[in-house]
Every structure is written in structure tokens, then in C-alpha cells.
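What follows is a set of notes on a single structure, which appears directly below.
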Amino acid sequence: MMRSFKTEALVLRKKSLLHKDILISLFSETDGKVNVFAKGVKKLTSRRSPHLQTGNLINVQLHKKNDRIYLEESSLISGFSELKKDREKINILYQFFFVLERLLPEHQKEEVVYNLTKSFLIKLSKSVSNYDILAVYFNKLLKLLGYTKQSHEIIELGAIISELINEKLPSFSI
């Protein structure tokens, strides 16, 4: 990996750190899942902060130093704002990203899974029956990552995923 590079990525998760910093889990087509330190992002004057919401598709410039990756610049491609207006869709988005963040290995290129995730976001934005989409995309995800060869119902998927990630799936409700 080069010292400084640009890529398109999805924000999977963010975690507050001390002071004004956050740790962001990004998923990019070229680098897979990477954990990135964003220094000073919680400052009121930060231009990067609005881009770093879970579920956003962003362009980022990253810098690698001493086995850590730091966020230098970011710009928003899509915030999927229509999707984020519906509470049920937000819950489904967070469930999918929760699982994705835990199943993906770090720094392993997963081009097909990345494209599947973008497809999921687009379908979810346009869908009416949201939980059917979640089951379809969980099945596709587990097949692509090699965890199963057949399709399962949503309840079975919950049990399979809980066993894989070694924790109970949260029931997100806003």
C-alpha cells in the first residue's frame, strides 16, 4: 500500500476516541475493510465530519504512517438521504452494516462484496418490502464470503450470523 492514496469507500462504522478524534471503519473496492483514524473530526469547524456518517458513500484521501491509516480529506458522493428518512430502512441499513463490518477481514480486497453492498443500498432506497431485501442480501453476502452454499430464511440467517460473529445480532429500533 502506498503512503498516500485516494479511494471510494462506504462508511461502515465510526467510534469516538479521546479528544476530537474518531476511528472509522471504511469499506473500499480496492482495499477492502480498513480502520482509519480521523484526527480532529469532532471539532465544530471540521469540514470532514458531515461526510463520515454510517452508510455514506465517500471519496477519501488516506495516509499510511507507522502501520496506521489516517484520513486526510473526504468528500461526499452519496448520503443516501432518501433511505435515511425511513426508520425501518435505517434499521435494516445498520443491521446489514453491523454484520458486514464483523464478517469482512481487514485489508483484503472484496470487489464483489463491495458491489453487492452498493447494490443493497440502491435496492433498499427504492424498496417497499424491506426485510425481504435484507434476507436476500444476507444470503448473497454469506455465499460470496464462503460461509454457506444455500439460501436460508431470515430467522435461520440470524442464528447463522450470530454464530459466525460470536455475538447476538442487535435488534435495532429507533
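Summary table
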| item | result |
| --- | --- |
| Some residue of segment 6-13 being under 18 Å from Lys140 (Cβ atoms) and not β-branched (Val, Ile, Thr) | yes |
| Residue within segment 79-99 that is under 24 Å from Leu23 (Cα atoms) and of a type in the set (Ser, Thr, Tyr) present | yes |
| Total residues in segment 79-112, condition within 13 Å of the chain's Cα centre (by Cα) and basic (Lys, Arg) | 1 |
| Subset of segment 9-38 [of a type in the set (Ser, Thr, Tyr) and in contact with a Ser or Thr (Cβ under 6 Å, 6 or more places away or on another chain)] | Ser28, Thr30 |
| Residue that is in contact with a strand residue (DSSP E or B) (Cβ under 9 Å, 6 or more places away or on another chain), surrounded by fewer than 17 Cβ atoms within 10 Å (Cβ to Cβ) and of a type outside the set (S, T, N, Q), where the choices are Lys118, Lys126, Lys143, Lys168 | Lys118 |
| Output for segment 130-155, where each listed residue is without any contact (Cβ under 8 Å) to a residue 12 or more places away in the chain and part of a helix (DSSP H, G or I) | Asp132, Val136, Lys143, Ile155 |
| Unique residue being farther than 23 Å from Ile165 by Cβ and basic (Lys, Arg) when the list is Lys85, Lys109, Lys89, Lys118 | Lys85 |
| Selection from segment 146-165 of residues that are over 20 Å from Gln108 (Cβ atoms) and crowded, with 17+ Cβ neighbours inside 10 Å | Leu157, Gly158 |
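Read the figures in this text as sums done on the coordinates, not as results from a lab. Keep in mind the model is a prediction, meaning the values are calculated, not measured. Ideal geometry is used to build each Cβ from the backbone, glycine not excepted, and the neighbour counts take in all protein chains shown.
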